[in-house]
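The values are calculated or read from the model by the stated rules, or taken from the named source; none is laboratory data. The shown structure was predicted, so the numbers you read here are calculated from the model rather than taken from an experiment. All Cβ positions, glycine included, derive from the backbone under ideal geometry; neighbour counts span all protein chains shown.
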Amino acid sequence: MTEEATATQVRQEIPITVHINGAAQSTAIAPNVLLSEFLRDHLALTGTHVGCDTSQCGACTVLVDGRVVKSCTILAVQADGMSVTTVEGLRAGSVLHPVQEAFRAHHALQCGFCTPGALMLAAGLLMDNPHPTRSEIREGLDGIVCRCTGYENIVEAVADAAERLAEEVRPHGA
């Protein structure tokens with residue numbers, strides 16, 4: 001294959017529809033665009049941070065069809081037909097998600113660079129395990145590299161968020 005043919009093939013865009021934070025986004029995109037790049041550069045959802053480009057830091061973590069995914073490890077075209085939730089999609093209108101409230105209450109934010117990924121990882125963890133032990137929280141947070149908090153505030157925030165979420169589903173007075 002000639003160099004020109006290869007360049008044409010890379011430039012060819014593929015039509016995709018991805019449901020981002022509940023809204024369908026249809027576009028045509030180059031097949032080599034990462035989901036993290038698509039979110040940040042094409043949709044201006046800059047809450048998804050890119051820290052390492054090697055899937056080590058977890059700052060780019062999002063939920064894809066309810067599963068925790070590091071968005072620098074998946075191509076945007078692979079998300080075609082899927083539902084992606086970013087940190088911007090956690091809250092409902094002006095009401096913060098219980099995980100966001102707990103992170104705020106426990107000062108688990110610090111510099112904020114890893115925070116969106118940590119929030120998404122915590123939300124995914126609590127979807128899979130609504131009542132984690134501290135050990136399970138620590139194990140679940142293994143995919144995030146944070147250089148500011150020492151993790152203790154994040155662990156406290158996730159434990160608090162689990163309680164907040166349990167309160168939402170528990171009938172009042174029960």
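What the table shows:
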{"read-out": "Any pair with Cβ under 9 angstrom, 6 or more apart, that starts in the stretch 31-48 at a residue that is under 15 Å from residue 116 (Cα atoms) and in the same structural domain as residue 21 (by TED's automatic domain parsing) and ends at one that is among the acidic types (Asp, Glu) and not in a loop (DSSP other than H, G, I, E, B)", "value": "45/88; 46/88; 47/88; 48/88"}
{"read-out": "Scope the stretch 124-152; condition buried (at least 18 other Cβ atoms within 10 Å of the Cβ) and modelled with pLDDT of 90 or more; matching residues", "value": "124, 125, 126, 132, 137, 140, 141"}
{"read-out": "Qualifying residue in the stretch 76-85 (condition: out of contact with any His (no Cβ under 7 Å at 6 or more places or on another chain) and at pLDDT below 95)", "value": "no"}
{"read-out": "Enumeration of residues in the stretch 41-55 that are touching a helix residue (DSSP H, G or I) at 6+ places or on another chain (Cβ under 9 Å) and either part of a helix (DSSP H, G or I) or not small (Gly, Ala, Ser) (or both)", "value": "42, 45, 46, 48, 49, 50, 52, 53, 54"}
{"read-out": "Residues (farther than 14 Å from residue 143 by Cα and at pLDDT 95 or above) located in the stretch 47-65", "value": "64, 65"}
{"read-out": "Wholly within the stretch 91-174, helices (runs of 4 or more DSSP H) carrying at least 3 residues that are in contact (Cβ under 8 Å) with a residue 12 or more places away in the chain, within 21 Å of residue 52 (Cα to Cα) and hydrophobic (A, V, I, L, M, F, W, C)", "value": "115-128"}
